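In what follows, a single structure is set out as structure tokens and then discussed.
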């Protein structure tokens, strides 16, 4: 199997998708909370901005901005390990839960960022999990509409 080489590793906005391994039980409320805790714990150790997220039963999305010296690969490795430890302990099942790789896309311009954020936030409604995307509490869209946010976001003002 060939290794994917990422030419850009930091100082860029990355849209990432991380999938559950095929055949694994889908995430529920408890696992979403554990995933959020894993993201929070990694952010305390590794410098990166979290600009948006959406947790779904079989995968999750985020827009991340790694700071200099921190690679997107390192961030995702740490998040996947931290989440695995929490979730496998809660499920009492030490099986791998993640697909081996993750998908990333560099967001080059503001319009691309905005379109990707909208796509990510609409995902729960498109998948039929809720009627209106702001009703999905496992996404940053709800926190952007109100003051209730599960994970602290890094907001950027663009002129």
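The values are calculated or read from the model by the stated rules, or taken from the named source; none is laboratory data. Values in this document were obtained by computation on a predicted structure and should not be read as measured data. Positions of Cβ are generated from backbone atoms using ideal geometry, with glycine treated the same way; all protein chains shown enter the neighbour counts.
Taking only region 87-110 into account, find how many residues are outside any loop (DSSP other than H, G, I, E, B) and crowded, with 19+ Cβ neighbours inside 10 Å.
Narrowing region 87-110 to residues outside any loop (DSSP other than H, G, I, E, B): 87-91, 98, 103-107, 110.
From what is left, the residues that are crowded, with 19+ Cβ neighbours inside 10 Å are 87, 98, 104, 107.
Looking only at that region, the number is 4.
Do the conditions hold for residue 134, that is, is it within 16 Å of residue 29 (Cα to Cα), in contact with a helix residue (DSSP H, G or I) (Cβ under 6 Å, 6 or more places away or on another chain) and surrounded by fewer than 19 Cβ atoms within 10 Å (Cβ to Cβ)?
Details: within 16 Å of residue 29 (Cα to Cα): no; in contact with a helix residue (DSSP H, G or I) (Cβ under 6 Å, 6 or more places away or on another chain): yes; surrounded by fewer than 19 Cβ atoms within 10 Å (Cβ to Cβ): yes.
No: the conditions fail for residue 134.
Would you pick out the residues in region 21-42 that are without any contact (Cβ under 8 Å) to a residue 12 or more places away in the chain and either under 15 Å from the mean Cα position of the chain (by Cα) or within 18 Å of residue 140 (Cβ to Cβ) (or both)?
So in region 21-42, the residues without any contact (Cβ under 8 Å) to a residue 12 or more places away in the chain come out as 23, 29, 33.
Those that are without any contact (Cβ under 8 Å) to a residue 12 or more places away in the chain and either under 15 Å from the mean Cα position of the chain (by Cα) or within 18 Å of residue 140 (Cβ to Cβ) (or both): 29, 33.
Can you confirm whether residue 46 is surrounded by fewer than 21 Cβ atoms within 10 Å (Cβ to Cβ), more than 21 Å from residue 129 (Cβ to Cβ), at pLDDT 90 or above and in contact with a strand residue (DSSP E or B) (Cβ under 9 Å, 6 or more places away or on another chain)?
Values: surrounded by fewer than 21 Cβ atoms within 10 Å (Cβ to Cβ): yes; more than 21 Å from residue 129 (Cβ to Cβ): yes; at pLDDT 90 or above: yes; in contact with a strand residue (DSSP E or B) (Cβ under 9 Å, 6 or more places away or on another chain): yes.
Against the criterion (surrounded by fewer than 21 Cβ atoms within 10 Å (Cβ to Cβ), more than 21 Å from residue 129 (Cβ to Cβ), at pLDDT 90 or above and in contact with a strand residue (DSSP E or B) (Cβ under 9 Å, 6 or more places away or on another chain)), residue 46 qualifies.
Can you name the residue in region 71-85 that is in contact (Cβ under 8 Å) with a residue 40 or more places away in the chain and crowded, with 19+ Cβ neighbours inside 10 Å and, of all such residues, is farthest from residue 58 (Cα to Cα)?
72
For the condition more than 27 Å from residue 73 (Cβ to Cβ), at pLDDT 65 or above and within 18 Å of the chain's Cα centre (by Cα), what is the one hit in 122, 112?
On the way: 112 fails: more than 27 Å from residue 73 (Cβ to Cβ).
Result: 122 is the single residue among 122, 112 that is more than 27 Å from residue 73 (Cβ to Cβ), at pLDDT 65 or above and within 18 Å of the chain's Cα centre (by Cα).
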